[in-house]
Amino acid sequence: MQNKKLVATRKYADPDSKAARLSRQARTVMPGGNSRTTVYMAPYPPYAAEGQGCWVVDADGDRRLDLLNNYTALIHGHAHQAVSEAAARRLARGASFAMPTPEEIELAALLAERVPSVEQARFTNSGSEAVMVAIKAARGFTGRPRIAKFEGAYHGSYDWAEVSLGSSPANWGPLEAPASTPYSRGTPASVLDEVVVLPFNHARLAAARIEREADSLAAVILDPVPNRVGLMPARAEFLAAMREVTAKHGILLIFDEVISFRVGYRGAQGAFGVYPDLTTFGKIIGGGFPVGAIGGRADVMAVFDPREGEPAVPHGGTFNANPVTMAAGLAAMRLMDGAAYARLDEMGETLRSGFRACLERAGASGAITGMGSLFRIHPGARTFVDYRSAVTDGAEKQRLERLHRALLDHGVLISPTGLGCLSTAVSEAEIEYFLEIVNHCVR
Ligand SMILES: Cc1ncc(COP(=O)(O)O)c(C=O)c1O
(Lines give C-alpha, C1' and ligand atoms only; values in the text may rest on other atoms or scores of the structure.)
Protein backbone atom coordinates (compact mmCIF):
# COMPACT_ATOMS: atom_id res chain seq x y z
CA MET A 1 0.00 0.00 0.00
CA GLN A 2 1.31 3.48 -0.80
CA ASN A 3 1.04 6.21 1.79
CA LYS A 4 -0.45 8.67 -0.66
CA LYS A 5 -2.86 10.11 1.87
CA LEU A 6 -0.44 10.40 4.76
CA VAL A 7 -0.74 13.77 6.47
CA ALA A 8 0.93 15.35 9.50
CA THR A 9 -1.51 16.66 12.11
CA ARG A 10 0.68 17.75 14.97
CA LYS A 11 0.51 21.55 15.05
CA TYR A 12 -0.96 21.24 18.56
CA ALA A 13 2.40 19.84 19.79
CA ASP A 14 4.24 23.09 19.04
CA PRO A 15 4.93 25.02 22.28
CA ASP A 16 3.43 28.12 20.62
CA SER A 17 0.29 26.39 19.35
CA LYS A 18 -3.20 27.48 20.34
CA ALA A 19 -3.60 24.18 22.21
CA ALA A 20 -0.45 24.89 24.23
CA ARG A 21 -1.68 28.39 25.06
CA LEU A 22 -5.19 27.19 25.91
CA SER A 23 -3.86 24.45 28.14
CA ARG A 24 -1.60 26.92 30.01
CA GLN A 25 -4.63 29.15 30.56
CA ALA A 26 -6.78 26.15 31.55
CA ARG A 27 -4.25 25.02 34.16
CA THR A 28 -4.64 28.31 36.02
CA VAL A 29 -8.36 27.79 36.58
CA MET A 30 -8.91 24.02 36.34
CA PRO A 31 -6.95 21.24 38.06
CA GLY A 32 -4.41 20.11 35.48
CA GLY A 33 -6.38 22.18 32.98
CA ASN A 34 -8.90 19.36 32.91
CA SER A 35 -12.62 18.82 33.50
CA ARG A 36 -12.92 15.24 32.22
CA THR A 37 -10.22 12.72 33.16
CA THR A 38 -10.83 10.73 29.96
CA VAL A 39 -9.77 13.52 27.59
CA TYR A 40 -6.45 14.33 29.27
CA MET A 41 -3.29 13.57 27.34
CA ALA A 42 0.24 14.38 28.49
CA PRO A 43 1.44 17.11 28.34
CA TYR A 44 -1.90 18.47 27.01
CA PRO A 45 -4.43 17.45 24.38
CA PRO A 46 -5.37 19.19 21.12
CA TYR A 47 -8.47 21.37 21.59
CA ALA A 48 -11.55 20.85 19.40
CA ALA A 49 -12.76 23.72 17.24
CA GLU A 50 -15.45 22.12 15.10
CA GLY A 51 -16.75 18.89 13.65
CA GLN A 52 -18.64 17.92 10.50
CA GLY A 53 -19.68 14.34 9.90
CA CYS A 54 -16.75 12.05 10.69
CA TRP A 55 -14.15 14.85 10.63
CA VAL A 56 -13.03 17.05 13.48
CA VAL A 57 -10.87 20.16 13.20
CA ASP A 58 -8.72 21.19 16.15
CA ALA A 59 -8.01 24.72 17.39
CA ASP A 60 -4.75 24.78 15.40
CA GLY A 61 -6.51 23.92 12.17
CA ASP A 62 -5.55 20.24 11.84
CA ARG A 63 -8.26 17.92 10.56
CA ARG A 64 -8.64 14.33 11.73
CA LEU A 65 -10.90 11.40 10.99
CA ASP A 66 -12.96 11.08 14.18
CA LEU A 67 -13.19 7.40 15.06
CA LEU A 68 -13.99 8.14 18.69
CA ASN A 69 -17.24 10.09 18.28
CA ASN A 70 -17.11 11.51 21.78
CA TYR A 71 -16.43 8.10 23.25
CA THR A 72 -19.12 6.40 21.15
CA ALA A 73 -21.87 8.96 21.84
CA LEU A 74 -22.26 10.28 18.28
CA ILE A 75 -23.88 7.69 16.06
CA HIS A 76 -24.14 10.12 13.10
CA GLY A 77 -20.89 11.99 13.68
CA HIS A 78 -20.82 15.76 14.17
CA ALA A 79 -23.44 18.36 13.29
CA HIS A 80 -25.79 15.98 11.48
CA GLN A 81 -28.34 18.21 9.78
CA ALA A 82 -31.52 16.49 10.97
CA VAL A 83 -30.24 16.17 14.54
CA SER A 84 -28.97 19.77 14.70
CA GLU A 85 -32.21 21.11 13.26
CA ALA A 86 -34.32 19.14 15.73
CA ALA A 87 -32.25 20.49 18.64
CA ALA A 88 -32.33 24.06 17.27
CA ARG A 89 -36.10 23.95 16.74
CA ARG A 90 -36.61 22.83 20.31
CA LEU A 91 -34.05 25.33 21.66
CA ALA A 92 -35.87 28.22 20.00
CA ARG A 93 -38.96 27.33 22.07
CA GLY A 94 -37.16 27.09 25.43
CA ALA A 95 -34.49 24.74 26.72
CA SER A 96 -35.73 23.66 30.13
CA PHE A 97 -38.84 23.90 32.21
CA ALA A 98 -40.20 22.95 35.60
CA MET A 99 -42.70 20.85 33.67
CA PRO A 100 -42.44 17.68 31.63
CA THR A 101 -42.52 17.99 27.82
CA PRO A 102 -44.06 15.77 25.13
CA GLU A 103 -40.62 14.87 23.74
CA GLU A 104 -39.75 12.71 26.76
CA ILE A 105 -42.80 10.52 26.15
CA GLU A 106 -41.75 10.00 22.54
CA LEU A 107 -38.18 8.97 23.41
CA ALA A 108 -39.39 6.64 26.20
CA ALA A 109 -41.85 5.12 23.70
CA LEU A 110 -39.06 4.61 21.16
CA LEU A 111 -36.97 2.70 23.73
CA ALA A 112 -39.96 0.61 24.84
CA GLU A 113 -40.90 -0.17 21.26
CA ARG A 114 -37.38 -1.28 20.30
CA VAL A 115 -36.24 -3.08 23.43
CA PRO A 116 -38.48 -5.95 24.53
CA SER A 117 -37.28 -5.84 28.15
CA VAL A 118 -38.19 -2.14 28.48
CA GLU A 119 -41.78 -1.61 29.53
CA GLN A 120 -41.15 1.81 31.05
CA ALA A 121 -38.25 4.25 30.97
CA ARG A 122 -37.05 7.41 32.67
CA PHE A 123 -34.27 9.88 31.89
CA THR A 124 -31.12 11.19 33.54
CA ASN A 125 -28.31 13.46 32.34
CA SER A 126 -25.55 10.90 32.03
CA GLY A 127 -24.85 7.20 31.91
CA SER A 128 -23.28 7.41 35.37
CA GLU A 129 -26.53 8.72 36.78
CA ALA A 130 -28.51 6.06 34.96
CA VAL A 131 -26.35 3.38 36.60
CA MET A 132 -26.72 5.03 40.01
CA VAL A 133 -30.49 5.20 39.66
CA ALA A 134 -30.71 1.59 38.40
CA ILE A 135 -28.74 0.35 41.41
CA LYS A 136 -30.93 2.37 43.78
CA ALA A 137 -34.04 0.99 42.07
CA ALA A 138 -32.75 -2.57 42.53
CA ARG A 139 -32.05 -1.96 46.22
CA GLY A 140 -35.46 -0.34 46.70
CA PHE A 141 -37.27 -3.13 44.87
CA THR A 142 -35.52 -6.10 46.48
CA GLY A 143 -34.79 -4.63 49.93
CA ARG A 144 -31.25 -6.04 49.66
CA PRO A 145 -28.15 -3.88 50.19
CA ARG A 146 -25.39 -5.24 47.91
CA ILE A 147 -24.68 -5.50 44.20
CA ALA A 148 -22.38 -7.64 42.07
CA LYS A 149 -20.34 -6.34 39.15
CA PHE A 150 -17.66 -7.70 36.84
CA GLU A 151 -13.97 -7.15 37.39
CA GLY A 152 -12.61 -4.20 35.43
CA ALA A 153 -15.98 -3.17 34.01
CA TYR A 154 -16.66 0.55 33.70
CA HIS A 155 -20.12 1.81 34.60
CA GLY A 156 -19.41 5.50 35.26
CA SER A 157 -18.53 7.31 38.46
CA TYR A 158 -21.03 6.15 41.13
CA ASP A 159 -18.89 4.81 44.02
CA TRP A 160 -20.38 1.31 43.98
CA ALA A 161 -20.03 1.05 40.20
CA GLU A 162 -16.35 2.05 40.36
CA VAL A 163 -15.28 -0.87 42.55
CA SER A 164 -12.56 -3.08 40.96
CA LEU A 165 -12.22 -0.78 37.96
CA GLY A 166 -8.47 -0.53 38.29
CA SER A 167 -7.66 -3.94 39.82
CA SER A 168 -4.12 -5.13 39.10
CA PRO A 169 -2.22 -8.40 39.57
CA ALA A 170 -0.96 -6.98 42.87
CA ASN A 171 -4.45 -6.76 44.40
CA TRP A 172 -6.98 -8.62 42.28
CA GLY A 173 -7.01 -11.87 44.28
CA PRO A 174 -8.25 -15.26 43.04
CA LEU A 175 -10.28 -15.50 39.81
CA GLU A 176 -13.12 -17.34 41.54
CA ALA A 177 -13.52 -14.50 44.07
CA PRO A 178 -11.93 -11.30 42.72
CA ALA A 179 -11.10 -8.71 45.38
CA SER A 180 -13.20 -5.56 45.76
CA THR A 181 -10.59 -2.89 45.13
CA PRO A 182 -11.06 0.90 45.43
CA TYR A 183 -10.68 3.07 42.33
CA SER A 184 -10.91 6.57 43.86
CA ARG A 185 -8.83 7.27 46.92
CA GLY A 186 -11.17 7.67 49.88
CA THR A 187 -13.70 5.04 48.80
CA PRO A 188 -15.24 3.89 52.09
CA ALA A 189 -14.56 0.28 53.14
CA SER A 190 -18.33 -0.10 53.55
CA VAL A 191 -18.74 0.49 49.79
CA LEU A 192 -16.18 -2.23 49.02
CA ASP A 193 -18.08 -4.60 51.34
CA GLU A 194 -21.26 -3.88 49.42
CA VAL A 195 -19.87 -4.87 46.03
CA VAL A 196 -19.23 -8.48 45.08
CA VAL A 197 -16.79 -8.73 42.16
CA LEU A 198 -17.20 -11.45 39.52
CA PRO A 199 -14.98 -12.74 36.70
CA PHE A 200 -16.35 -11.72 33.27
CA ASN A 201 -17.15 -14.48 30.79
CA HIS A 202 -16.61 -17.26 33.36
CA ALA A 203 -20.14 -18.66 33.67
CA ARG A 204 -19.44 -21.33 36.26
CA LEU A 205 -17.21 -19.24 38.55
CA ALA A 206 -19.45 -16.18 38.40
CA ALA A 207 -22.64 -18.19 38.98
CA ALA A 208 -21.07 -20.00 41.95
CA ARG A 209 -20.10 -16.71 43.57
CA ILE A 210 -23.57 -15.26 42.98
CA GLU A 211 -25.08 -18.38 44.59
CA ARG A 212 -22.89 -17.89 47.67
CA GLU A 213 -23.81 -14.21 48.06
CA ALA A 214 -27.40 -14.39 46.76
CA ASP A 215 -29.25 -13.46 49.96
CA SER A 216 -27.69 -9.99 50.12
CA LEU A 217 -27.63 -9.17 46.39
CA ALA A 218 -30.07 -6.65 44.92
CA ALA A 219 -28.59 -6.74 41.42
CA VAL A 220 -25.91 -8.02 39.10
CA ILE A 221 -24.80 -5.30 36.69
CA LEU A 222 -23.32 -6.46 33.41
CA ASP A 223 -22.12 -4.76 30.24
CA PRO A 224 -22.45 -7.34 27.43
CA VAL A 225 -19.60 -5.74 25.42
CA PRO A 226 -17.47 -4.18 28.17
CA ASN A 227 -14.92 -1.71 26.83
CA ARG A 228 -12.44 -1.66 29.70
CA VAL A 229 -12.62 -5.42 30.09
CA GLY A 230 -11.26 -5.59 26.52
CA LEU A 231 -14.38 -5.11 24.35
CA MET A 232 -14.89 -8.83 23.80
CA PRO A 233 -18.56 -9.64 23.35
CA ALA A 234 -19.87 -11.77 26.22
CA ARG A 235 -20.08 -15.51 25.56
CA ALA A 236 -23.63 -16.69 24.92
CA GLU A 237 -23.50 -19.39 27.63
CA PHE A 238 -22.15 -16.86 30.12
CA LEU A 239 -25.05 -14.46 29.53
CA ALA A 240 -27.56 -17.31 29.73
CA ALA A 241 -26.05 -18.49 33.03
CA MET A 242 -26.20 -14.95 34.49
CA ARG A 243 -29.84 -14.66 33.46
CA GLU A 244 -30.66 -18.02 35.02
CA VAL A 245 -28.86 -17.61 38.35
CA THR A 246 -30.19 -14.08 38.96
CA ALA A 247 -33.78 -15.10 38.15
CA LYS A 248 -33.48 -18.12 40.46
CA HIS A 249 -32.56 -15.91 43.43
CA GLY A 250 -34.76 -12.88 42.77
CA ILE A 251 -31.69 -10.76 41.98
CA LEU A 252 -32.26 -8.11 39.31
CA LEU A 253 -30.11 -8.42 36.23
CA ILE A 254 -29.09 -4.97 34.96
CA PHE A 255 -27.53 -4.64 31.51
CA ASP A 256 -25.45 -1.51 31.15
CA GLU A 257 -26.00 -0.64 27.49
CA VAL A 258 -24.63 2.90 27.70
CA ILE A 259 -22.15 1.97 24.97
CA SER A 260 -23.46 -1.35 23.68
CA PHE A 261 -26.86 -0.02 22.64
CA ARG A 262 -25.12 1.07 19.44
CA VAL A 263 -24.48 -2.54 18.35
CA GLY A 264 -28.02 -3.23 17.17
CA TYR A 265 -31.59 -2.01 16.75
CA ARG A 266 -32.55 -3.70 20.04
CA GLY A 267 -29.12 -3.16 21.60
CA ALA A 268 -26.72 -5.90 22.62
CA GLN A 269 -29.53 -7.69 24.43
CA GLY A 270 -31.40 -8.03 21.14
CA ALA A 271 -28.27 -9.26 19.39
CA PHE A 272 -27.63 -11.89 22.09
CA GLY A 273 -31.27 -12.74 22.75
CA VAL A 274 -30.81 -12.45 26.53
CA TYR A 275 -33.01 -9.92 28.30
CA PRO A 276 -32.33 -8.22 31.65
CA ASP A 277 -34.77 -6.80 34.20
CA LEU A 278 -33.36 -3.29 33.90
CA THR A 279 -31.22 -1.56 31.28
CA THR A 280 -29.16 1.60 31.50
CA PHE A 281 -28.76 3.73 28.39
CA GLY A 282 -26.80 6.86 27.48
CA LYS A 283 -24.55 8.19 24.71
CA ILE A 284 -26.31 7.70 21.32
CA ILE A 285 -29.86 8.14 22.62
CA GLY A 286 -29.18 11.86 23.28
CA GLY A 287 -28.11 12.77 19.76
CA GLY A 288 -24.87 14.27 21.10
CA PHE A 289 -26.40 16.02 24.13
CA PRO A 290 -25.97 14.97 27.78
CA VAL A 291 -28.20 11.98 28.48
CA GLY A 292 -28.86 8.79 30.34
CA ALA A 293 -31.90 6.58 30.80
CA ILE A 294 -33.05 3.61 32.77
CA GLY A 295 -35.69 1.25 31.47
CA GLY A 296 -37.13 -2.10 32.35
CA ARG A 297 -39.89 -4.12 33.97
CA ALA A 298 -42.89 -2.01 34.93
CA ASP A 299 -43.13 -3.61 38.41
CA VAL A 300 -39.53 -2.61 39.16
CA MET A 301 -39.84 0.83 37.58
CA ALA A 302 -42.84 1.40 39.88
CA VAL A 303 -40.35 2.27 42.65
CA PHE A 304 -40.19 5.72 40.98
CA ASP A 305 -43.96 6.20 40.71
CA PRO A 306 -44.94 9.34 42.65
CA ARG A 307 -48.71 8.94 42.43
CA GLU A 308 -49.17 7.46 45.91
CA GLY A 309 -46.99 10.03 47.70
CA GLU A 310 -43.22 9.89 48.10
CA PRO A 311 -41.95 7.12 45.79
CA ALA A 312 -39.97 4.19 47.20
CA VAL A 313 -36.96 5.59 45.30
CA PRO A 314 -37.30 9.34 44.76
CA HIS A 315 -35.44 10.53 41.68
CA GLY A 316 -35.25 14.26 40.99
CA GLY A 317 -32.90 16.06 38.62
CA THR A 318 -33.20 19.64 37.38
CA PHE A 319 -32.30 18.67 33.83
CA ASN A 320 -33.76 15.15 33.65
CA ALA A 321 -35.43 14.56 30.27
CA ASN A 322 -34.49 18.04 29.08
CA PRO A 323 -36.36 18.68 25.84
CA VAL A 324 -33.36 19.69 23.70
CA THR A 325 -31.69 16.35 24.42
CA MET A 326 -34.97 14.52 23.90
CA ALA A 327 -35.56 16.18 20.51
CA ALA A 328 -31.99 15.57 19.31
CA GLY A 329 -32.07 11.99 20.61
CA LEU A 330 -35.34 11.27 18.83
CA ALA A 331 -33.99 12.64 15.54
CA ALA A 332 -30.80 10.59 15.87
CA MET A 333 -32.52 7.35 16.87
CA ARG A 334 -35.26 7.56 14.24
CA LEU A 335 -32.56 7.53 11.56
CA MET A 336 -31.19 4.28 13.00
CA ASP A 337 -33.29 1.67 11.26
CA GLY A 338 -32.30 -1.93 10.56
CA ALA A 339 -30.47 -0.99 7.36
CA ALA A 340 -28.39 1.66 9.16
CA TYR A 341 -27.26 -0.88 11.77
CA ALA A 342 -26.51 -3.48 9.09
CA ARG A 343 -24.31 -0.99 7.22
CA LEU A 344 -22.42 -0.09 10.42
CA ASP A 345 -21.93 -3.80 11.22
CA GLU A 346 -20.51 -4.44 7.79
CA MET A 347 -18.13 -1.48 7.96
CA GLY A 348 -17.06 -2.50 11.48
CA GLU A 349 -16.17 -5.94 10.13
CA THR A 350 -14.24 -4.39 7.21
CA LEU A 351 -12.28 -2.21 9.62
CA ARG A 352 -11.46 -5.06 12.01
CA SER A 353 -10.40 -7.50 9.30
CA GLY A 354 -8.42 -4.77 7.50
CA PHE A 355 -6.62 -3.94 10.74
CA ARG A 356 -5.70 -7.61 11.26
CA ALA A 357 -4.34 -7.72 7.70
CA CYS A 358 -2.18 -4.62 8.39
CA LEU A 359 -0.69 -6.31 11.46
CA GLU A 360 -0.01 -9.48 9.54
CA ARG A 361 1.66 -7.64 6.65
CA ALA A 362 3.88 -5.71 9.05
CA GLY A 363 4.63 -8.82 11.13
CA ALA A 364 3.55 -6.73 14.16
CA SER A 365 1.95 -8.24 17.24
CA GLY A 366 -1.40 -6.89 18.28
CA ALA A 367 -5.11 -7.61 18.05
CA ILE A 368 -8.46 -5.97 17.56
CA THR A 369 -11.70 -6.83 19.34
CA GLY A 370 -15.20 -5.42 19.10
CA MET A 371 -18.70 -5.87 17.78
CA GLY A 372 -20.83 -3.95 15.28
CA SER A 373 -19.53 -0.41 15.02
CA LEU A 374 -17.22 -0.74 18.04
CA PHE A 375 -13.56 -1.71 18.00
CA ARG A 376 -10.66 -1.82 20.40
CA ILE A 377 -7.00 -2.13 19.47
CA HIS A 378 -4.75 -4.22 21.72
CA PRO A 379 -0.96 -3.98 21.70
CA GLY A 380 -0.47 -7.71 22.36
CA ALA A 381 -1.84 -10.84 20.70
CA ARG A 382 -3.52 -13.49 22.87
CA THR A 383 -6.91 -14.96 23.53
CA PHE A 384 -9.04 -12.29 25.15
CA VAL A 385 -11.54 -13.72 27.60
CA ASP A 386 -11.80 -11.49 30.65
CA TYR A 387 -10.29 -8.40 32.27
CA ARG A 388 -7.15 -10.25 33.36
CA SER A 389 -6.35 -11.39 29.84
CA ALA A 390 -6.96 -7.91 28.40
CA VAL A 391 -5.09 -5.77 30.89
CA THR A 392 -1.88 -4.20 29.59
CA ASP A 393 1.08 -2.80 31.41
CA GLY A 394 4.77 -2.07 30.87
CA ALA A 395 6.05 -2.47 27.34
CA GLU A 396 2.62 -3.24 25.86
CA LYS A 397 1.15 -0.11 27.32
CA GLN A 398 3.96 1.96 25.83
CA ARG A 399 3.41 0.41 22.40
CA LEU A 400 -0.27 1.34 22.55
CA GLU A 401 0.61 4.88 23.63
CA ARG A 402 2.99 5.17 20.67
CA LEU A 403 0.37 3.89 18.24
CA HIS A 404 -2.27 6.25 19.62
CA ARG A 405 0.11 9.21 19.30
CA ALA A 406 1.16 8.20 15.79
CA LEU A 407 -2.49 7.98 14.69
CA LEU A 408 -3.28 11.32 16.33
CA ASP A 409 -0.33 12.92 14.57
CA HIS A 410 -1.37 11.44 11.20
CA GLY A 411 -5.01 12.42 11.08
CA VAL A 412 -6.94 9.82 13.11
CA LEU A 413 -8.63 10.18 16.49
CA ILE A 414 -9.16 7.10 18.67
CA SER A 415 -8.88 6.84 22.46
CA PRO A 416 -5.49 6.44 24.14
CA THR A 417 -6.71 3.03 25.34
CA GLY A 418 -7.36 1.88 21.76
CA LEU A 419 -11.16 2.30 21.74
CA GLY A 420 -12.82 3.47 18.55
CA CYS A 421 -16.16 3.37 16.77
CA LEU A 422 -17.81 4.23 13.50
CA SER A 423 -20.59 6.67 12.81
CA THR A 424 -23.04 6.60 9.92
CA ALA A 425 -21.01 9.48 8.43
CA VAL A 426 -18.16 7.07 7.65
CA SER A 427 -17.89 5.42 4.24
CA GLU A 428 -15.53 2.84 2.74
CA ALA A 429 -13.18 5.68 1.71
CA GLU A 430 -12.61 6.69 5.34
CA ILE A 431 -11.99 3.11 6.40
CA GLU A 432 -9.40 2.84 3.65
CA TYR A 433 -7.84 6.13 4.86
CA PHE A 434 -7.68 4.73 8.41
CA LEU A 435 -6.12 1.45 7.30
CA GLU A 436 -3.55 3.24 5.19
CA ILE A 437 -2.44 5.27 8.19
CA VAL A 438 -2.46 2.20 10.44
CA ASN A 439 -0.36 0.44 7.86
CA HIS A 440 2.20 3.22 8.08
CA CYS A 441 2.07 3.54 11.89
CA VAL A 442 2.41 -0.17 12.76
CA ARG A 443 5.54 -0.32 10.65
C1 LIG B 1 -20.70 1.11 29.94
C2 LIG B 1 -20.74 2.50 30.49
N3 LIG B 1 -21.57 2.78 31.50
C4 LIG B 1 -21.69 4.02 32.00
C5 LIG B 1 -20.93 5.05 31.52
C6 LIG B 1 -21.05 6.42 32.10
O7 LIG B 1 -21.68 7.27 31.20
P8 LIG B 1 -21.45 8.85 31.29
O9 LIG B 1 -20.05 9.11 30.85
O10 LIG B 1 -22.49 9.43 30.38
O11 LIG B 1 -21.66 9.22 32.72
C12 LIG B 1 -20.05 4.81 30.46
C13 LIG B 1 -19.23 5.91 29.90
O14 LIG B 1 -18.40 5.74 29.06
C15 LIG B 1 -19.93 3.50 29.95
O16 LIG B 1 -19.07 3.22 28.97
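Laid out as a table, the results:
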quantity	calculated
Hits in segment 169-194 - residues which are open to solvent by less than 40 Å² (accessible area, probe 1.4 Å) and within 25 Å of the chain's Cα centre (by Cα)	Trp172, Pro178, Ala179, Ser180, Thr181, Thr187, Val191, Leu192
Meets criteria (modelled with pLDDT of 95 or more and in contact with a Cys (Cβ under 6 Å, 6 or more places away or on another chain)) for Asn69	yes
Every pair of residues 6+ apart whose Cβ atoms lie under 6 Å, when the first sits in segment 407-418 and is in contact (Cβ under 8 Å) with a residue 12 or more places away in the chain while the second is of a type in the set (Asp, Glu)	Leu413/Asp66
Residue, farthest from the chain's Cα centre (by Cα), within segment 254-267, restricted to residues that are open to solvent by 10 Å² or more (accessible area, probe 1.4 Å) and near the ligand (Cβ under 10 Å from one of its atoms)	Val258
Residue in segment 389-403 that is in contact (Cβ under 8 Å) with a residue 12 or more places away in the chain and touching a Cys at 6+ places or on another chain (Cβ under 8 Å) present	yes
Residue within segment 40-53 that is surrounded by fewer than 16 Cβ atoms within 10 Å (Cβ to Cβ), assigned to a loop (DSSP other than H, G, I, E, B) and within 16 Å of the ligand (Cβ to nearest atom) present	yes
Residue match in segment 80-94 (condition: touching a strand residue (DSSP E or B) at 6+ places or on another chain (Cβ under 9 Å) and among the aliphatic types (A, V, I, L, M))	no
Subset tally (residues that are small (Gly, Ala, Ser) and open to solvent by 50 Å² or more (accessible area, probe 1.4 Å)) for segment 149-168	1
Criterion violated by Gly270 - all others in (1) away from the ligand (no atom under 14 Å from the Cβ); (2) part of a helix (DSSP H, G or I); (3) in contact with a strand residue (DSSP E or B) (Cβ under 7 Å, 6 or more places away or on another chain) satisfied	(3)
Among the candidates Ser117, Ser126, residue that is surrounded by fewer than 22 Cβ atoms within 10 Å (Cβ to Cβ) and within 16 Å of the ligand (Cβ to nearest atom)	Ser126
Yes/no for Gly166 being among the small types (Gly, Ala, Ser) and touching a Lys or Arg at 6+ places or on another chain (Cβ under 6 Å)	no
Qualifying residue in segment 12-23 (condition: modelled with pLDDT of 95 or more, out of contact with any Gly (no Cβ under 8 Å at 6 or more places or on another chain) and under 30 Å from Ala362 (Cα atoms))	yes
Members of segment 54-79 found to be open to solvent by 60 Å² or more (accessible area, probe 1.4 Å) and touching a strand residue (DSSP E or B) at 6+ places or on another chain (Cβ under 8 Å), listed by number	Arg63
Checking Phe238 against (1) in a loop (DSSP other than H, G, I, E, B); (2) away from the ligand (no atom under 16 Å from the Cβ), the condition it does not meet	(1)
Positions within segment 279-295 being part of a loop (DSSP other than H, G, I, E, B) and either open to solvent by less than 30 Å² (accessible area, probe 1.4 Å) or touching a Cys at 6+ places or on another chain (Cβ under 8 Å) (or both), in sequence order	Gly287, Val291
Failed item, numbered, when Pro276 is tested on (1) in a loop (DSSP other than H, G, I, E, B); (2) surrounded by fewer than 23 Cβ atoms within 10 Å (Cβ to Cβ)	(2)
Residue satisfying condition, being at negative phi and under 23 Å from the mean Cα position of the chain (by Cα), within set Arg399, Arg334, Arg361	Arg334
Selected residue (criterion: nearest to the chain's Cα centre (by Cα)) from residues of segment 216-235 that are within 13 Å of the ligand (Cβ to nearest atom) and either β-branched (Val, Ile, Thr) or in a strand (DSSP E or B) (or both)	Val225
Given (1) among the small types (Gly, Ala, Ser); (2) open to solvent by 10 Å² or more (accessible area, probe 1.4 Å); (3) in contact with a helix residue (DSSP H, G or I) (Cβ under 6 Å, 6 or more places away or on another chain), index of the condition Ala112 fails	(3)
Candidate set from segment 8-26 (those that are open to solvent by 80 Å² or more (accessible area, probe 1.4 Å) and part of a loop (DSSP other than H, G, I, E, B)); member that is nearest to His404 (Cα to Cα)	Arg10
Lone qualifier among Val83, Val131 - being touching a residue at least 60 places away in the same chain (Cβ under 8 Å), buried (at least 19 other Cβ atoms within 10 Å of the Cβ) and away from the ligand (no atom under 16 Å from the Cβ)	Val83
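A quick yes/no check of all residues on (1) open to solvent by less than 10 Å² (accessible area, probe 1.4 Å); (2) small (Gly, Ala, Ser):
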{"site": "Pro199", "(1), (2)": "yes, no"}
{"site": "Ala207", "(1), (2)": "no, yes"}
{"site": "Asp215", "(1), (2)": "no, no"}
{"site": "Ala219", "(1), (2)": "yes, yes"}
{"site": "Val225", "(1), (2)": "yes, no"}
{"site": "Gly230", "(1), (2)": "yes, yes"}
{"site": "Leu239", "(1), (2)": "yes, no"}
{"site": "Met242", "(1), (2)": "yes, no"}
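The values are calculated or read from the model by the stated rules, or taken from the named source; none is laboratory data. Predicted model, so just to flag it, every value in this text is computed and none were measured. Quick reminder, even Gly has a Cβ in these numbers, built from the backbone with ideal geometry, and neighbours come from all protein chains shown. Protein only, heavy atoms only, side chains kept; ligands, DNA and RNA dropped before computing areas. Shrake-Rupley method; radii C 1.70, N 1.55, O 1.52, S 1.80 Å.
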